[in-house]
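Here is the structure we will look at.
The values are calculated or read from the model by the stated rules, or taken from the named source; none is laboratory data. Everything numeric in this text was worked out from a predicted model, so none of it was measured. Please note: Cβ atoms are built from the backbone with ideal geometry, for glycine as well, and neighbour counts cover all protein chains shown.
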Ligand code: ASP
């Protein structure tokens, strides 16, 4: 049925649309807001916990003037009464729902929804596959700092294997001509990630001096049956702490998609580091999501 555009991963966007989304983000953040989604019905459907993504989609929709329904998965007939996903999506469309924002533990679930939905599906994170709006806000945060990402080095540290954030960001960095260096143990960052514009390294301290930006990742414990590395070993090799911060260039920034685990991937000194950009990321999450909603729905 896909007659309207969805955002399932960054591959769905043409390169010029990145710039378009970022320009709109700036406009929305400056308060040049028109309620461009007045009367547009949006459903937010989160099958996994979320603080930042859920709240910012919600606020973005409200600020655009949309009608917003937050549907709890346990209230879906799809979950308990044997209704198919196809029939669920047909039903929502028949009611005039135009946008469904979905987070789900299964890779590809938003794509399945989009197949049956005469509206826009926005992927708010599916399994370990993709988290396109998180990548857009991370890219926007770096662009705010550096103007352009061409030739910049972005170091991504930790559990890349299970990180939909990292998977989408790698796509985005490639589109914007930046170099990604993925750092972690083989079990979390297999060498198979290496390709044009993507390098894999094991020694964080050795790589930090070349970073323009560092993105720390949470270890996705909920996706492991057995942890491949102990906390002590992880901390010793990969935690960003005062000593490792000292290896960074003065202009370097540090980011984290949240939620961060103090004491594991970072220590308190990171939270006081002048280049710590977590709050900027969260702030831009709202503007970026307004921009994405606006682009998909108004198409102009
Ligand atoms: N909040 C991000 C996500 O949903 C990152 C994380 O959970 O570690 O993927």
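Miscellaneous remarks
Let's see how each residue does on (1) under 15 Å from residue 92 (Cβ atoms); (2) at pLDDT 95 or above; (3) touching a helix residue (DSSP H, G or I) at 6+ places or on another chain (Cβ under 9 Å); (4) away from the ligand (no atom under 14 Å from the Cβ):
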| position | (1), (2), (3), (4) |
| --- | --- |
| 35 | no, no, yes, yes |
| 55 | no, yes, yes, no |
| 59 | no, yes, yes, yes |
| 68 | yes, yes, yes, yes |
| 76 | yes, no, yes, yes |
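- Residue count for the range 193-236 under the criterion of being without any contact (Cβ under 8 Å) to a residue 12 or more places away in the chain, loosely packed, with under 11 Cβ neighbours inside 10 Å and touching a strand residue (DSSP E or B) at 6+ places or on another chain (Cβ under 9 Å): the result is 0.
- Residue match in the range 118-139 (condition: over 30 Å from residue 275 (Cβ atoms), surrounded by fewer than 16 Cβ atoms within 10 Å (Cβ to Cβ) and within 14 Å of the ligand (Cβ to nearest atom)): no
- Residue match in the range 266-287 (condition: closer than 14 Å to residue 51 by Cα, within 16 Å of the ligand (Cβ to nearest atom) and either at pLDDT below 95 or in a loop (DSSP other than H, G, I, E, B) (or both)): no
- Of all residues making up the range 204-232, the number that are at pLDDT below 95, more than 16 Å from the ligand (Cβ to nearest atom) and in contact with a helix residue (DSSP H, G or I) (Cβ under 9 Å, 6 or more places away or on another chain): 1
- Every pair of residues 6+ apart whose Cβ atoms lie under 9 Å, when the first sits in the range 50-62 and is free of Cβ contacts under 8 Å to residues at least 40 places away in the same chain while the second is part of a helix (DSSP H, G or I) and within 12 Å of the ligand (Cβ to nearest atom): 55/285
- Given (1) without any contact (Cβ under 8 Å) to a residue 60 or more places away in the chain; (2) farther than 29 Å from residue 105 by Cβ; (3) loosely packed, with under 14 Cβ neighbours inside 10 Å, index of the condition residue 65 fails: (3)
- Of the numbered criteria (1) over 21 Å from residue 70 (Cβ atoms); (2) under 11 Å from the mean Cα position of the chain (by Cα); (3) part of a strand (DSSP E or B), the one residue 124 fails is (1).
- Unique residue being over 18 Å from the mean Cα position of the chain (by Cα) and in contact (Cβ under 8 Å) with a residue 12 or more places away in the chain when the list is 263, 246: 263
- Here is the figure for the range 102-116: residues that are away from the ligand (no atom under 16 Å from the Cβ) and touching a residue at least 60 places away in the same chain (Cβ under 8 Å) total 4.
- In the range 69-87, the residues that are outside any loop (DSSP other than H, G, I, E, B) and within 19 Å of residue 48 (Cα to Cα): 69, 70, 71, 73, 74, 75, 77, 78, 79, 80, 85
- One residue from 90, 99 being in a strand (DSSP E or B), away from the ligand (no atom under 16 Å from the Cβ) and more than 20 Å from residue 22 (Cα to Cα): 99
- Test result for residue 107, over 18 Å from residue 6 (Cβ atoms), at pLDDT 95 or above and not in a strand (DSSP E or B): no
- Residue in the range 132-153 that is out of contact with any helix residue (DSSP H, G or I) (no Cβ under 7 Å at 6 or more places or on another chain), touching a residue at least 12 places away in the same chain (Cβ under 8 Å) and more than 23 Å from residue 17 (Cβ to Cβ) present: no
- Conditions (1) away from the ligand (no atom under 16 Å from the Cβ); (2) assigned to a loop (DSSP other than H, G, I, E, B); (3) crowded, with 19+ Cβ neighbours inside 10 Å: number failed by residue 148: (3)
- Yes/no for residue 25 being within 16 Å of the ligand (Cβ to nearest atom), under 17 Å from residue 134 (Cα atoms) and either buried (at least 19 other Cβ atoms within 10 Å of the Cβ) or at pLDDT below 95 (or both): no
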